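These notes concern the structure reproduced below.
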Amino acid sequence: MDGSIKIWGIETNNLKNIDVQIERNAINLIIGPSGSGKSSLAYDTIAQIGQHEFMSMFADNVSDPTYRVKAYENMLAAVPIKQSNHNNNIRSTIGTYFGINRSIILIYAAVLGLDEEFFVLNKEENLCEECHGLGYIKVLDQNRIVDYDIPLAKNPFRCWNRYKDFYQQIIQQFCTDNSIDANKNFRQLTNREKRLILYGESEKKYSVRYKKSTGFSRRTTRYYGVMTGKPMQVNYAPAGQFYKDEICKCCQGKKYSLQHEKWMINGLSIGDFMSMPFEKLLPHIEQMIAENTDTNLQFAIKSIHKFVCKAIELNLGYLFFHRSIPTLSGGELQRLRMVQVLSTQLSNLLLVLDEPLAGLSGKEKSAVFQAIIDLAKTHTIIIVDHSDAFVSRSKQIIALGEKGGANGGFLIDVEKYLAEQRVRNKIETVPPQKMHHVIIDNLVYSYSGVNLTIGENRMNLITGRSGVGKSTLLREYLPQYYEDYLYINQKPLLGNKNSSVATALDISTRISNLFANKHKKDRRFFSNQTGCEGACEVCAGAGYVEYGSGYDSKIQLICKDCGGTGFNKRLNKYKLYDKSLFDIWNMTIDEAILYFSEADIKIMNSLGEAASLLLGHLKIGQPISTLSGGENVRVKLLKAMKSTAKVFGIDEPFKGLSNTEIYSVVQYLDRLRKNGGTIIVVDHSDMIEQYFSKHIELTSDNGVLKDINQP
């Protein structure tokens, strides 16, 4: 069947009864502002139809489709590939995830004449005795434990957060005995003093009378530095968040037992093979191909060879088969899935890609771009992206807008939208007058330190290839150097299952108070938080009811009693300016701005700030668990304006945004700068260099993170 894919009457999510046509064996581009319905069209409609049609022919556990369409024709089997990574299985590796380990085990067993069971990693006898096949062990992480800005006298150790009075006293007594000034913060100490505080042990015991929630208690103990792991309180153990992964010294990250080391092919044990970066592994694989005489192994060896070659082409040569899937970024996993597609023997698939060029440096973009062009020769490609690169190579471009949320979901003029994005907005950039020379000598992961300069009270841009250490610099190193530092990334906002956009914007309590004051009742009567009177009796305020057990069989359905708001249904009769809490929770931020212009100016201003950061399409009661990575960043930026921090490290704030939207976020960041902030951004979006006073191209020089242009 050679006809194009056609879908009529699409009303999925906010799409407004639109008709689309997808050209086969070509690139089809979907563009538009945030919240305009791009993902609703690409993933929730087109990809879901393609998956459902295919899976329903043979699978037993096919879910009911959620797309809403009138008709469609000429659909293909769909493979949706998103820039997300929700895999939390620490034993899931690149080798197991993509089915490569089976081929590697087959080769080693056949060449060495051993049983395949000898090499499988789900048997205890094959695993390293120290790490039990993980390849790493958990060790206390000084950078997660120490708050570098708090004086010793006030207990700078985050894991000693219970019985703070006890720890403050014993630290001060230990400091007095060792002539350490307890009024200094950690970064002001000498190396000798740091080591004593972290790893020291007192000669004498201290008797400490300290406050507890129920009164006072007394404890007699020696002082043990936090990094010794020895407790000074009964039943104390640091929480998991204070540990880091360190390569197992016994197996060196190879996961296998020591007996497996003597079984080698061309000087490599199977552990060596699986833990060697692809770019170094390739010559060994090619040697295997050249020396192999067993025709039964040709397919296995060539399959591995093809996967490794394609991974290197897509600038993933630094990865290896033992690399744990949860440690990969969403972009890295998306490119690995593309490697699998490039290596597959299947053809004529419908591939849906989510911003495949986002987060990539120049060379990486070129490689991925060419790979997608090649894929279009044998597959039909749908791309959600803002990069100009795909415009000229797309056979079909679909533009959605005009705005997001309720004001989006319409088909709009493609040329007009593209013309708006090509307008070059400008912002005044002034060369830095004062530089911070950031020098840090400290091991973090595989890095040994930092040596670079940052422009004070300026916008600083950091770019560099994937895996070079950009996020490590922002997340791990800069907090060690800067006081008053705030790190902002795309990870989900912290909260519980009742948390919504209203709670994230800190307006939920204020809204409850407005209703409480109007109707002369307690605030909790109008709150949907757990334990409050206003929470729905069926879903306890979550807005949904969960059925089933286990990851695959669990389903969430919107609670019928509260309509997804989380409020007790009796609250529907209580109104404020003719609107109930149910009405407000279903408003978008843009709609709520108009409503609260009468009801509460402070809430209106908070919502106005959110709208300026392109969040106007979000609903007030929308669960924070549904926010995208870019939306999470922008909500965190709103909180940054209220923060006392002076230095802001921000990871990919422009991801998923069009050029005009990027400019809006840049203006907000410049407001932070004008308020005295130093802005440090990691991002690779097109044409953003013009907004920054300093551009750092990060590289790793023998483990030291530095600017490639810095002498």
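The values are calculated or read from the model by the stated rules, or taken from the named source; none is laboratory data. Note that the structure is predicted; figures quoted are calculated from it, not measured. Because the Cβ atoms are built from the backbone with ideal geometry, glycine has one as well, and the counts that use them run over all protein chains shown. For accessibility, only protein heavy atoms count, side chains too; no ligands or nucleic acids. Shrake-Rupley method; radii C 1.70, N 1.55, O 1.52, S 1.80 Å.
Of all lysines in the structure, those lying under 28 Å Cα to Cα from Lys212, and not within fewer than 8 positions of it along the same chain, are Lys154, Lys164, Lys184, Lys204, Lys230.
Taking a straight line from the alpha carbon of Lys434, these aspartates and glutamates sit under 19 Å away, with near neighbours fewer than eight places off in the same chain left out: Glu456, Glu483, Asp484, Asp670, Asp707.
Phi angles across the stretch 229-234 convert, under the Karplus curve 6.51 cos²θ - 1.76 cosθ + 1.60 with θ = phi - 60°, into 3J(HN,Hα) values of x, 8, x, 9, 10, 4 Hz, Gly and Pro given as x. In straight-distance terms, cross-link reach from Lys262 covers every one of the lysines whose alpha-carbon lies under 29 Å from its own, apart from those fewer than eight places away in the same chain; here that gives Lys123, Lys138, Lys249, Lys254, Lys280, Lys302, Lys306. Gain on full extension, evaluated as 0.36 nm per residue between Asp388 and Arg162 minus their Cα-Cα distance, stands at 76.0 nm.
Remark: relative contact order (the stretch 626-711) = 26 percent; criterion is Cα-Cα distance under 8 angstrom and separation of 6 or more residues.
Can you bin the stretch 223-378 into rounded, prolate or oblate? Criterion: square roots of the alpha carbon gyration tensor eigenvalues sorted a ≥ b ≥ c, rounded for a/c under 1.5, prolate for a/b above b/c, oblate for the rest. Walk me through the numbers before you get to the answer.
Working: a/c = 3.01, a/b = 1.44, b/c = 2.09.
Oblate, because a/c is 1.5 or more while a/b does not exceed b/c.
Just going by the charge dipole of the stretch 154-311, with Lys and Arg at +1 and Asp and Glu at -1 on Cβ, which of Ile247, Asn161, Gly225 is farthest out on the positive end? Of the listed residues, the answer is Asn161. For the stretch 311-352, the per residue solvent-accessible surface stands at 31 Å², with DNA, RNA and ligands left out and a 1.4 Å probe.
Once you order the gyration tensor axes a ≥ b ≥ c over the Cα atoms, which shape class does the stretch 267-307 get: rounded for a/c under 1.5, otherwise prolate or oblate by comparing a/b with b/c?
Values: a/c = 1.88, a/b = 1.59, b/c = 1.18.
Taking the square roots of the gyration eigenvalues as a ≥ b ≥ c, the stretch 267-307 is prolate.
Sorted by packing (mean other beta-carbon atoms within 10 Å per residue), highest first, where do 456-462, 649-655, 430-436 land?
Numbers: 456-462: 21.7, 649-655: 24.1, 430-436: 12.1.
Those peptides, ordered most packed to least, come out 649-655, 456-462, 430-436.
Under a 5 Å amide H cut-off, with hydrogens placed 1.01 Å from N, Ile383 pairs with Asn28, Leu29, Ile30, Leu353 among residues at least 5 apart or on other chains. Once backbone amide H atoms are built at 1.01 Å from N, Leu705 has Ser448, Gly449, Val450, Asn451 as its partners under 5 Å, excluding neighbours fewer than 5 places away on the same chain. Any idea which of Ser202, Asn292, Ala371 is furthest toward the positive side of the dipole for the chain, if Lys and Arg beta-carbons carry +1 and Asp and Glu beta-carbons -1? Going by the charge dipole, the pick is Ser202.
First select every other residue whose beta carbon is under 14 angstrom from the beta carbon of Val146; then total the charges, Lys and Arg +1, Asp and Glu -1.
Working: positive: Arg144, Lys154, Arg158, Lys184, Arg187, Lys194, Arg195, Lys244; negative: Asp141, Asp147, Asp149, Glu193, Glu476, Glu483.
So the surrounding residues net to +2.
Screening the chain for whole DSSP H helices with an alpha carbon extent of at least 30 angstrom along the helix axis and a mean Kyte-Doolittle hydropathy of at least 1.0 yields nothing. Electrostatic tally near Leu127: other residues with Cβ closer than 14 Å to its Cβ, Lys and Arg +1, Asp and Glu -1, net -2. Ordering 627-637, 210-220, 660-670, 31-41 by mean Cβ neighbour count within 10 Å, with the highest value first, yields 31-41, 627-637, 660-670, 210-220. Note on the chain: antiparallel DSSP beta bridges, both residues inside, total approximately 55 percent of the bridges counted. The relative contact order of the chain comes to 16 percent, based on Cα pairs under 8 Å that sit 6 or more residues apart. Considering only the Cα atoms of the stretch 166-314, their convex hull presents on average a projected area of 16.0 nm². With a Förster radius of 45 Å applied to the C-beta separation of Tyr544 and Val430, the computed FRET efficiency comes to 0.35. Working note: Karplus 6.51/-1.76/1.60 with θ = phi - 60° gives the stretch 685-694 the couplings 4, 5, 6, 9, 4, 4, 8, 10, 6, 9 Hz, where Gly and Pro are set to x. Close amide-amide hydrogen proximity is noted between Phe321 and Met276, each under 5 Å apart and 5 or more residues distant or on a separate chain (H modeled in the peptide plane; Pro and chain starts excluded).
Can you show me the helix-derived [θ] at 222 nm for the chain, built from DSSP H runs with n ≥ 4 at -39,500 (n - 2.57) apiece and divided by the number of residues, rounded to the nearest 500. If you can, show how the numbers build up before the last one.
Details: 21 runs with 207 residues, N = 711.
It lands at -8500 deg cm²/dmol.
Tell me, what % of the accessible area of the chain is carbon and sulfur with a 1.4 angstrom probe? Of all accessible area on the chain, carbon and sulfur atoms account for 48 percent. If you average the alpha carbon positions of the stretch 216-284 and of the stretch 331-379, how far apart do those two centres end up, in angstrom? The stretch 216-284 and the stretch 331-379 have Cα centres spaced 34 Å from each other.
With charges set only on the Cβ (+1 for Lys and Arg, -1 for Asp and Glu), what does the dipole of the stretch 386-443 come to about its Cα centre, in debye to the nearest 20?
That gives the stretch 386-443 a dipole magnitude of about 120 debye.
Is the stretch 153-250 rounded, prolate or oblate when judged by the Cα gyration tensor, a ≥ b ≥ c being the square roots of its eigenvalues, rounded requiring a/c under 1.5 and prolate requiring a/b larger than b/c? Verdict is oblate for the stretch 153-250. Cross-link pairs exceeding 19 Å in C-alpha to C-alpha distance, out of Lys491/Lys674; Lys6/Lys365; Lys310/Lys363; Lys365/Lys706; Lys16/Lys70; Lys38/Lys655, comprise Lys491/Lys674; Lys6/Lys365; Lys365/Lys706.
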